[in-house]
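Taking it in order: structure first as structure tokens, then the write-up.
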Amino acid sequence: MKKRNMAEPLRLTAKSASPGIASGPAFLAEELKAPSAPERPGADPQPQTAGGYGALEKAIDISIGELERLAEGADAESRDIIDFQIEVLRDPSIAEATGARTEADENVVFAWVATLDAYIGELETADEEPMRARAVDILDIKNRVLGALAGTPTADFPPGSVFVGKDMEPSRFLAHDWSKGGGIALFSGSTAGHVALLARAKSVPMVVGTGRFSAEDGDPVRVDGDAGAVVLQAGRMLIPPMVPARSATSDMQSESGDLRTADGVPILISININDPAEIAALDPATAGIGLMRSEFSVTSIADAANEERQLAIYRRVLEQADDRPVIIRMLDIGGDKPLAGLENLPGVASGLRGIRLLLARPEIARVQARALLRAAVFGRLSVMLPMVTLPEEIDRMRELFREEAEKLGRRALLHRMPPIGMMVEVPAAALMLDTFGSAAFFSFGTNDLTQYLAASARDDIDADAGKAAPAVLRLIAQAVKLAAGKPVSICGDMAGDPSCLPGLLAAGLRHFSVAPGRRPAIRSAIIGLNADGTRAAGE
Ligand code: PEP
Ligand code: MG
């Protein structure tokens, strides 16, 4: 698709779903927006217990109550849609299918989500358009219930704006204040869909089937529901459905930065973030996000089962990072990092952690993989796997990503396969790094590497792990040689300790990802050192 002249407005032909003309700032709502204030772990007591059957039933009851309130005062058509949604929430066959999954050891929340996802998938691929149009009604209730489970309500959008997205959930339409005008432009959607029906009943101009186009929040958009068209501000364009994959090497190594050792070797400093809000520390001197610990954003079963919420969080981080690379680590849960509500499941109770837990409970990994695949379209994402011990673990996770990408493709959801790399934090992996052919990159996690190498529990304040530093450094130096030229970095706490820098430079490391507060100390230490870790003359 060729780029357009900036002065020329773009007119896209679409199908009219509801007549009338509306102009207003675009509200890009392809995915649910992230909550405005990111929740901190433990901020809300509800998610801590949100994994059980009782909690899910309660969330379903809350959602039914909300829908019943929406139905009060709604017109007949709106009530029909809401009644259908309530019927699905009460449908005994959904409860039965969920029950069958839980008997096969699935957590009840994931079992319920998977049952609804299967239903959504069937509807999306149905031959008849009215059936396809119902998929969004089910997606809507899934998100509503997961929101109730986690205590996060569905976000509304500013009155008077033009809603732009792949599809729209009926409850969003019903909860929105249309008295200030506004319209709807959907990339796909259906003229027979429930929202189209509601839009016609409320005289909200709406078009469907525009195809994907790029626009920014706030861009002026005109929806012409009479002629079936959308007119966009100059300079926007249609975007192709698939975005080509980026190579791991270009993502990890293209930032030269302007930091160099005393003898002129370029060094990258990235930051580690635990909370998406910490991205504010990403200033121009920072190469990117070297580690985002996703377990601090996904803190309950409800979050772990909520693809849209995860997508919104990852997307926000990627968009804020702009064109800088972002490495998001998949959930490192289990062991001393529990996920509320999951404790008693087989596999989890046995003490599995990191990738082994994700492979033992693939329902968790599949939701996160889909959210990451979809988020990858919005920036330079790489995905990192935690606590990898064996090459086959990477191969199995890559396969899971391929399967989920295929499913997203069948549902025509935009996605991209990100480079998939690994933490090097288990000594057995560090010693055998040359056998991890399918890892796109490596990042040393010295917190766990030290604890497993030196038998010094990381939460034991009496353990003097520092004394084991020479052994850790020797292991890293060996492993860097085994990495055979693949991108290598370090994101464990050792990277933020200036006294370890000479050893880490001597081991061949050139990319350091540190807590934002450690960056100034590391920058100034690097300037005084040569690339082989020796002190620069005059220092
Ligand atoms: C590490 O182990 O060094 C690491 C960066 O991971 P975490 O601290 O999250 O376990
Ligand atoms: Mg670790």
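The values are calculated or read from the model by the stated rules, or taken from the named source; none is laboratory data. Small disclaimer: the values here were computed from a predicted structure and weren't measured. Note: ideal-geometry Cβ built from the backbone for every residue, glycine included; neighbour counts use all protein chains shown. Just so you know, the surface numbers come from the protein's heavy atoms only, side chains and all, with ligands and any DNA or RNA stripped out. Shrake-Rupley method; radii C 1.70, N 1.55, O 1.52, S 1.80 Å.
Quick look at the values:
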read-out	value
The lone exception for TYR452 - which of (1) within 12 Å of ligand 1 (Cβ to nearest atom); (2) assigned to a strand (DSSP E or B); (3) in contact with a helix residue (DSSP H, G or I) (Cβ under 9 Å, 6 or more places away or on another chain) it fails	(2)
Subset of segment 489-519 (residues that are more than 17 Å from PHE442 (Cβ to Cβ) and of a type in the set (Ser, Thr, Tyr))	SER499
Matching entry among ARG535, ARG518 (being open to solvent by 60 Å² or more (accessible area, probe 1.4 Å) and over 23 Å from ALA285 (Cα atoms))	ARG535
In segment 480-509, the residues that are free of Cβ contacts under 8 Å to residues at least 60 places away in the same chain, more than 12 Å from ALA469 (Cβ to Cβ) and not hydrophobic (A, V, I, L, M, F, W, C)	LYS481, GLY485, GLY496, PRO498, GLY508
Segment 75-109, subset among the small types (Gly, Ala, Ser) and within 19 Å of ALA133 (Cβ to Cβ), residue surrounded by the most Cβ atoms within 10 Å (Cβ to Cβ)	SER78
Among the residues listed as ARG329, ARG324, ARG356, the single one being within 16 Å of ligand 1 (Cβ to nearest atom) and either open to solvent by 30 Å² or more (accessible area, probe 1.4 Å) or aromatic (Phe, Trp, Tyr) (or both)	ARG356
Helices (runs of 4 or more DSSP H) enclosed by segment 127-200 - at least 1 residues per element that are in contact with a Lys or Arg (Cβ under 8 Å, 6 or more places away or on another chain)	135-150, 170-175
From the options GLY421, GLY379, GLY437, GLY445, residue that is touching a residue at least 40 places away in the same chain (Cβ under 8 Å), within 16 Å of ligand 1 (Cβ to nearest atom) and farther than 19 Å from GLY334 by Cβ	GLY421
Filter result for SER443 (assigned to a loop (DSSP other than H, G, I, E, B), within 19 Å of LEU390 (Cβ to Cβ) and either hydroxyl-bearing (Ser, Thr, Tyr) or within 16 Å of ligand 2 (Cβ to nearest atom) (or both))	no
Selection count where residues are under 13 Å from LEU449 (Cβ atoms), within 16 Å of ligand 2 (Cβ to nearest atom) and either open to solvent by 10 Å² or more (accessible area, probe 1.4 Å) or not in a helix (DSSP H, G or I) (or both), scope segment 477-498	5
Test result for LEU400, touching a Lys or Arg at 6+ places or on another chain (Cβ under 7 Å) and in the same structural domain as ARG353 (by TED's automatic domain parsing)	yes
Restricting segment 88-103 to residues that are polar (S, T, N, Q) and in contact with a helix residue (DSSP H, G or I) (Cβ under 7 Å, 6 or more places away or on another chain), the residue that is modelled with the lowest pLDDT	THR102
Strands (runs of 3 or more DSSP E) wholly inside segment 217-304 that include at least 1 residues being crowded, with 17+ Cβ neighbours inside 10 Å, at pLDDT 80 or above and within 16 Å of ligand 2 (Cβ to nearest atom)	268-273, 289-293
Matching option when the condition is at pLDDT below 90 and in a loop (DSSP other than H, G, I, E, B), among ALA55, ALA37	ALA37
